[in-house]
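Notes to accompany the following structure.
Values quoted throughout were computed directly from the atomic coordinates according to the rules given, and no laboratory measurement underlies them. Quick caveat, the model's predicted, so the values are computed rather than measured. Cβ sites come from the backbone with ideal geometry, for glycine too, and all protein chains shown count toward neighbours.
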Amino acid sequence: MPIRSFAALSAAALIALSFAGPAHAISKAERRKLFFGHDDRHTLVPDALPWRAIGQIETASGSICTATLVADDVVLTAGHCFKDPDTGRFDPAVTFSAALNGKHAAARVATTRVFVDRRLFAGLTIEGGGLLVDPRVARYDYAFVRLAEPIGRTLGTLPLIGGDRATLKANLDDRRWRVTQAGYPIDDPSHLTVHEQCRATKLLADGRLSHRCDTLPGDSGSPLLLIDGNGKATIIALQSSAPSAADRYRADNMALSVPVFRAALDRFIASGASPKPAAASAAQ
């Protein structure tokens, strides 16, 4: 079960965070650095929303990323998850496992279509068995995957924040820039791992959101959430990339905020096909 995408320094190419290698590929010392000195994550059983809508997506090569149900038959994840770092070719999604918990999943379904913007692939560089994301194309690091079955009708879906950049910033201000991240990381890829009340640090001009949530390969595509007092969660961004352990002091982790891709996602959901703007779609 690979994991391969982990990318991002604000002014330099970062590493993309999908998973395609053994857990021991990252040492304990490196994890401490990646976790800003301390691991604040915990696992939970995804038996209710919002956690039940989050799952794991696997590609043809065996790479895995995190994805979230945002419509009855559509999941949202990171675009770099679908470029094979060994061949440089498109690596199609095969299966989505919703609410994965050990060997059990609330649902396992095939995928029928993946949308990734071709401008992202043009700016992904293969290096050291992984992918580097050029900041000039980082705003395109999103993907929409259509499922063979509308499992969101029974499991539920998560809403995305509405409005523009100013709306997002206002909401972050209201929550004192505290968010929650949940995904399936390389060190425990079959259990949902959550970092609650981690700190978002900066909303960049291109729509990227830097943050200090504890993430590892496998967390690519995982949602950053605002959760209200009633437990209702709203997706505000998806995890994209992070610096290496050696470069941790230079940059925080990087997510892509919803206003950047919301219009394209809405079109994809509504049409049952790929969005129209200059982009590449790969049907399976």
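Placing +1 on the Cβ of every Lys and Arg and -1 on the Cβ of every Asp and Glu, with nothing else charged, gives the range 64-186 a dipole about its Cα centre of roughly 200 debye.
Computed about its Cα centre, the charge dipole of the chain is approximately 440 debye, with only Lys, Arg, Asp and Glu carrying charge at their Cβ.
Model label sites at A60 and R165, defined 7 Å from Cα along the beta-carbon direction, differ in position by 3.7 nm.
Relative contact order, percent, of the chain when contacts are C-alpha pairs under 8 Å separated by at least 6 residues? Walk me through the intermediate numbers first.
On the way: 779 pairs, mean separation 75.1, N = 284.
26 percent.
Using alpha-carbon pairs under 8 Å, 6+ residues apart, how would you state the relative contact order of the range 37-190 in percent? The value is 27 percent.
Once the Cα-Cα distance is subtracted from the 0.36 nm per residue extended length, the A122 to R175 segment shows a gain of 15.5 nm. For the range 75-141, the calculated P(r), taken from all Cα-Cα distances in 10 Å bins from zero up to the bin holding the longest distance, is 19, 42, 28, 10 percent. For the chain, the number of Lys pairs with C-alpha atoms closer than 22 Å, counting only pairs eight or more positions apart or on separate chains, is 4.
Please state the charge dipole magnitude for the range 150-284, taken about the Cα centre, from unit charges on C-beta atoms (+1 on K and R, -1 on D and E), reported in debye and rounded to the nearest 20.
On the way: 16 positive and 13 negative charges, 78 e Å.
That gives a dipole near 380 debye.
The peptide list 166-176, 90-100, put in order of mean Cβ contacts within 10 Å with the highest first, becomes 90-100, 166-176.
For the chain, just say rounded, prolate or oblate: build the C-alpha gyration tensor, square-root its eigenvalues into a ≥ b ≥ c, call rounded for a/c under 1.5, and beyond that prolate if a/b exceeds b/c, oblate if not. Rounded, because the longest to shortest axis ratio a/c is under 1.5. In units of the rule-of-thumb radius 2.2 N^0.38 Å, the range 48-196 shows an alpha carbon radius of gyration of 1.07.
Using 0.36 nm per residue, how much length does the chain from K202 to T87 gain when fully extended, once their Cα-Cα distance is taken away?
On the way: separation 115, 0.36 × 115 = 41.40 nm, distance 3.41 nm.
This chain segment gains 38.0 nm when fully extended.
Which order do the peptides 103-113, 232-242 come out in when sorted by mean C-beta neighbours inside 10 angstrom, highest first? Display every interim value, and only then the final one.
Working: 103-113: 15.8, 232-242: 25.8.
Result, highest mean Cβ count within 10 Å first: 232-242, 103-113.
The phi torsions of the range 238-250, fed into the Karplus equation with coefficients 6.51, -1.76 and 1.60 and a -60° offset, translate into couplings of 10, 5, 10, 7, 7, x, 5, 4, 5, 9, 3, 5, 8 Hz, rounded to whole numbers, with Gly and Pro shown as x.
So what is the orientation-averaged projected area of the range 86-125, using the convex hull of its C-alpha atoms, in nm²?
Values: hull surface 16.8 nm².
Projected area, direction-averaged: 4.2 nm².
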